[in-house]
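To keep things clear, I will list the structure first and then write my remarks on it.
The values are calculated or read from the model by the stated rules, or taken from the named source; none is laboratory data. Note that the structure is predicted; figures quoted are calculated from it, not measured. Glycine gets a Cβ as well: all are built from the backbone with ideal geometry, and neighbour counts include every protein chain shown.
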């Protein structure tokens, strides 16, 4: 696998992070939130293929049948939460409002990186230098997430106070796409 092919794979793997970053960026776009999302999405996008490469087929047998449903469930639950708050027109409490912190951040990071675990399984077979490859995956994903949040921030100013509903619907649709891509 050439460096260009590794970069192409990194771009493909970062698509889910870009989509989720854009949806979250409609609501969460401060400098700290942007950094947290970009850093953690990139970190998980590097760590999961590394784990996949190290554990090989053992892990794939246990995760492959459910990975798309796990991603869908996480994205749908968080999306429904945002839609409900948007419909009620209420602001979530400060401790609840920031989905870029705590377990929500970990769950989002896992949801956008599950497919990278499977990609990591192929790295040793393709005789790819693992550390440079996973580093590329992480950096590309972090940059894609940062870019998505910045673009979403510009859009959010135009859609006003219904931003949480739009973001929640977007998260659910991303989850549906993950399942549809796996089935079809």
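Of all the criteria given as (1) in contact with a helix residue (DSSP H, G or I) (Cβ under 7 Å, 6 or more places away or on another chain); (2) over 14 Å from residue 142 (Cα atoms); (3) modelled with pLDDT of 85 or more, the one not satisfied by residue 4 is (1). Filtered by the rule that a residue be surrounded by fewer than 19 Cβ atoms within 10 Å (Cβ to Cβ) and assigned to a helix (DSSP H, G or I), region 3-35 gives 3, 4, 5, 7, 8, 11, 12, 15, 31, 32, 35. Among residues of region 122-150 that are in contact (Cβ under 8 Å) with a residue 60 or more places away in the chain and at negative phi, those with a beta-carbon under 6 Å from a residue that is crowded, with 23+ Cβ neighbours inside 10 Å and not in a helix (DSSP H, G or I) at least six positions away or on a different chain give the pairs 140/14; 141/14; 144/14.
To keep it simple, each residue is scored yes or no on (1) crowded, with 22+ Cβ neighbours inside 10 Å; (2) at pLDDT 90 or above; (3) out of contact with any strand residue (DSSP E or B) (no Cβ under 9 Å at 6 or more places or on another chain).
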residue	(1), (2), (3)
68	no, no, yes
73	no, no, yes
78	yes, no, yes
137	yes, yes, yes
147	no, yes, yes
165	no, no, yes
